[in-house]
Structure formats: structure tokens, C-alpha cells
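Participant: Below: one structure in C-alpha cells.
The values are calculated or read from the model by the stated rules, or taken from the named source; none is laboratory data. Fair warning: this is a prediction, and the values are worked out from it, not measured in the lab. FYI the Cβ positions are ideal-geometry reconstructions off the backbone, even for glycines, and counts take in every protein chain you see.
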Amino acid sequence: MYVLDSSAFIHDFHTTEQTATIPLVREELEDESAYRYDAMEGSGMHIHIPNEDTTEKVERAARESGDLDVLSDTDVRLVAASFELDATLVTDDYAMQNVAEKLNVGVEVIAREGIDEQRHWKYQCQGCGREFDEEKDRCPICGSELARKNPS
Ligand SMILES: [Zn+2]
């Protein structure tokens, strides 16, 4: 089963597998992609509402990986739905891919190259500004916290 995020509807992701999504995704869609959602719902797409325990589990994982700040409520619930349904999450979002990976949820990417990209992230010290290729708890030079920088 595939769980589709809004980018899957926008990019017209096709599959012969059973699909699922969450109601919040519909609110992010307009025009053609919204019609696509309605058509897929009409032809049997499963609309899933993940339970609170799973949603909290995803939030905890996202907090640990430093992704929580950039994830919307919709993003968190999509990862939770994929986890509950034992489904593959279809998304282009790096942070969602990262959290899904942490929870052993499979990810399929639509328009980008995917999870391998996480190796290219850089971590920058909030104190002295030095950059590191690997995540560390603290800057080894000045002891300040590191924050992730997205590759440009
Ligand atoms: Zn530093």
C-alpha cells in the first residue's frame, strides 16, 4: 500500500497498488490535484486517520532527528498513517523522508532523488558558525548546539 502526500497528487503519481492518504491532504490541494484526490477517493483510495499514540510517536522521532520544526501537522500525520498501515510513504519532502526512515517506514520519492540526500546535509554551530558534515550533540570547539542546514 502507498500513502500519498500532497506532492503525489500534484505530480500525478500513478500506481496499481492500493493507495491511502489522510483528510488533511485534501485541504492542501487545489484545482486539478484536488479533482485527482476526489477521483481516487471515489475509486477506492483509503482515507485514514492515524491515532494519537502513533502521532505522538512520530513527533518524538522527529524531535530526536531535529525535523519537528519543519514538519506540519499534515506531515506528521502522513508518517503516522504510513506507520499504522505498514505502507510505503510517497513524498518529496526531505524531513518526512528522514523521520520515516527513523521509524523504518519505506519511502518512495516522486520528483527528487530521495533519502540519500540526507548525507549532504551540513550542521552549523549556533555559537561559532563552524560547519560539520556529521550531526553532533554539541560543537566540539565551543560547546554550542548545532542546527541542520539544508543543502542549497
Ligand atoms: Zn561552535
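Participant: Just one of THR74, THR15 is closer than 19 Å to VAL105 by Cα, outside any loop (DSSP other than H, G, I, E, B), touching a residue at least 12 places away in the same chain (Cβ under 8 Å) and among the hydroxyl-bearing types (Ser, Thr, Tyr); which is it?
Facilitator: Only one candidate passes the filter, namely THR74.
Participant: To continue, here is another question. Inside the stretch 1-53, can you point out the residues that are among the β-branched types (Val, Ile, Thr), under 19 Å from the mean Cα position of the chain (by Cα) and more than 16 Å from ARG77 (Cα to Cα)?
Facilitator: Residue satisfying the conditions is ILE10 alone.
Participant: Answer with yes or no whether SER144 is within 16 Å of the ligand (Cβ to nearest atom), surrounded by fewer than 21 Cβ atoms within 10 Å (Cβ to Cβ) and either modelled with pLDDT under 95 or on the phi > 0 side of the Ramachandran plot (or both).
Facilitator: Criteria met by SER144.
Participant: I'd like the full set of residues that are assigned to a helix (DSSP H, G or I), crowded, with 16+ Cβ neighbours inside 10 Å and not β-branched (Val, Ile, Thr), limited to the stretch 41-59.
Facilitator: LYS57, GLU59 - these are the residues of the stretch 41-59 that are assigned to a helix (DSSP H, G or I), crowded, with 16+ Cβ neighbours inside 10 Å and not β-branched (Val, Ile, Thr).
Participant: Follow-up. Please pick out the residue among ALA62, ALA80, ALA20, ALA87 that is buried (at least 18 other Cβ atoms within 10 Å of the Cβ), out of contact with any Pro (no Cβ under 7 Å at 6 or more places or on another chain) and within 26 Å of GLU135 (Cα to Cα).
Facilitator: Among ALA62, ALA80, ALA20, ALA87, only ALA62 is buried (at least 18 other Cβ atoms within 10 Å of the Cβ), out of contact with any Pro (no Cβ under 7 Å at 6 or more places or on another chain) and within 26 Å of GLU135 (Cα to Cα).
Participant: Scan the stretch 52-66 and give yes if some residue there is within 14 Å of TYR94 (Cα to Cα) and of a type outside the set (A, V, I, L, M), otherwise no.
Facilitator: Within the stretch 52-66, one or more residues are within 14 Å of TYR94 (Cα to Cα) and of a type outside the set (A, V, I, L, M).
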